[in-house]
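Undergrad: The structure that follows is given in the form of structure tokens.
Read-outs: derived from the displayed coordinates by stated rules, not from any lab. The structure displayed is predicted, hence computed values, not measured ones. Here the Cβ positions follow ideal geometry from the backbone for every residue, glycine too, while neighbour counts run over all protein chains shown.
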Amino acid sequence: MLALIGDTVNETVRIALLSLLLFGLVGLFGLAASGTTWIDRFAVNQARRILANSATPIAAQLFNRAVDLVFAAFALRMLGVEGNGQYAIATVTWLYLKTITDFGLSILAAREVARDPDSAGRLIGSTTLFRFTILLALLPVLVTYLALGPLVLGLSQPSIVATLLLTISLLPASYAEAINSVFTGFERLHVPALLTVFTNLVRFAVGLLALDAGWGVPGIATAAVIAATCNAAAMHLAIRRQRVRIAWNLTSDEAKNLARSAWPLLLNGLLITLFFRLDTFIIQAFEGTWALGIYDAAYKLPNLLPLIPSYFVLAVFPVLARQTGDDLRRSYELGAKFLIIIGWAIVIVTLFTAPLLIRLLGGRAFLPDAADTLRLLIWFAPLHYLNGITQYAIIAVDRQRAIAPAYLAATLFNLGTNLVATSRLRITAPRRSPPSSPRSCCWFCCNAVLRATSVRSTGRHSCGVRSQPSRSLVLSAWSSSASHGCCCRSSWSRMARRSSCSASSVTRNWPFSAPCCHKHVLHVPAFEHQSEQAGSCTTCTF
């Protein structure tokens, strides 16, 4: 992207990126060293402290998402479809490793620090060492995966290098995550939230400079390592200001206690990750990097939508927790209907504007396949929004154990249908086909869906070239939507049978038979990583 403009402008952009990098580093370490005294003076009572601990992470997350979107607009054009697919498989591999190495310790450590603030230093050291131990145990699995990946999944060399670099980034990220949990226990969530803003600016600047230098996919991964290291160093400075002395000690008994206490959180976190990102590996295995690049580009826009229900549901959850019986049912129905209306509005708008959105985000190289995929992915919104409030309603009546079996069943269904569908209808997605190329049967399915919503798709590229979409992308979206609906309905139905709340009273008037696809579901509080609230995951994803 930078190379496509004049030399003078190109140098100006480089200078701007270097200035942004300097600003991010100065802001990051300056804030870590000086603290947030202005916020501390504001949060003098419980109400103001809650406001600071909620408003600051929300604002930071919104800002980080906006920065990620701008970065994606540059990166997609500079990497192309193949490069985007190469980095997508590396990112998902990193996500699995991060979920396992975290082991649910973020929530556990925050709870213990809130109960006993004096244990902060001991927990930072022990949980960090525990994460390092888990990562060391995973290295043989990772090496086997990378060795067999080119044969089984068709992994490219840039994907392998990026995966190794992202794995290295887990070392500083684990330390930063342990400190982040302590800040959560101290009720000072605004500190890591503000630090992640500057960390994201560092990653943005380094990532674009690496791409401009021709480093490609490994360059973005290198930016992630640098950003994660800077964030860990800043978090170390910030926790030192709290006069916390870190004790680097992990006994076998303490490791057993941590594993025994945190493994249910690991199980749920890993199950949620499996539920979300199985399609990435399946598309990579059956369709290759090009198809995954198209699918991942279309997925970036729906990935922004979970912000809407998360903030709404967090606001109404205290009301649901205090109510029972008919009052709970009415509140749930009202909230569900509101979210469903918002979800369907998003679906309708996206069906009309998908080509424009993809062209703005990734350019013409991703059209029309990514636009067609986006038109299918966006159907996840109504059921995803319903799923969000349903989970919190389940927790409100103390039936949260019903969530995990629902996710397990939905994950197995998702895996099975993806494997069967993509293996039976496997095709190679061409980059571009001549205008006379025939449509695949899946293309007619796409048009059938669009006609059902009064939207007619011509499938024409802006340059007059037609393209044949990959059937595996559509089949993956549809099979995921079915599992998403099963997860939502089965969990709520189980809870409804025990708490006299009727799920059908909410869903009977809504056309949920339309295809939809989940990508991210609203994490329940017991399973949610604190780092995601502050946006620290932006150090290696875009």
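Undergrad: Taking θ = phi - 60°, what integer Hz values does the Karplus form 6.51 cos²θ - 1.76 cosθ + 1.60 yield along segment 259-267, in sequence order, with x for Gly and Pro?
TA: Result, rounded to whole Hz: 5, 5, 7, 9, 4, x, 5, 4, 4.
Undergrad: Note down the net charge around S54, summing +1 for each Lys or Arg and -1 for each Asp or Glu among other residues with Cβ under 13 Å from its Cβ.
TA: +2
Undergrad: Okay, next question. Provide the net charge surrounding L209, with neighbours chosen by a C-beta distance below 12 Å and charges set as Lys +1, Arg +1, Asp -1, Glu -1.
TA: Net local charge, L209 excluded: +1.
Undergrad: What ranking, highest mean first, results for peptides 162-170, 240-248, 293-301 when packing means the other Cβ atoms within 10 Å averaged over each residue?
TA: Highest to lowest by the protection proxy: 293-301, 162-170, 240-248.
Undergrad: Compare the peptides 197-204, 345-352 by average per-residue count of other Cβ atoms within 10 angstrom and give them in order, highest first.
TA: Highest mean packing first, the order is 197-204, 345-352.
Undergrad: From largest to smallest, what semi-axes in whole angstrom does segment 362-401 give when each is the square root of 5 times an eigenvalue of its alpha carbon gyration tensor?
TA: Square roots of five times the eigenvalues give 36, 8, 6 Å.
Undergrad: Alpha carbon centre of segment 328-355 versus segment 57-91: separation in Å?
TA: 26 Å
Undergrad: Through the Karplus equation 6.51 cos²θ - 1.76 cosθ + 1.60, θ set to phi - 60°, convert the phi angles of segment 175-190 into ³J(HN,Hα) values in whole Hz; use x for Gly and Pro.
TA: Rounded to whole hertz, the list is 5, 5, 5, 5, 5, 4, 5, 5, 4, 5, x, 7, 6, 10, 5, 5.
Undergrad: Related question: Tabulate in residue order the Karplus-calculated ³J(HN,Hα) for segment 231-248, using 6.51 cos²θ - 1.76 cosθ + 1.60 with θ = phi - 60°, rounded to whole Hz; enter x for Gly and Pro.
TA: With coefficients 6.51, -1.76 and 1.60, one gets 5, 5, 5, 5, 5, 5, 4, 5, 6, 5, 5, 7, 6, 9, 9, 7, 9, 8 Hz.
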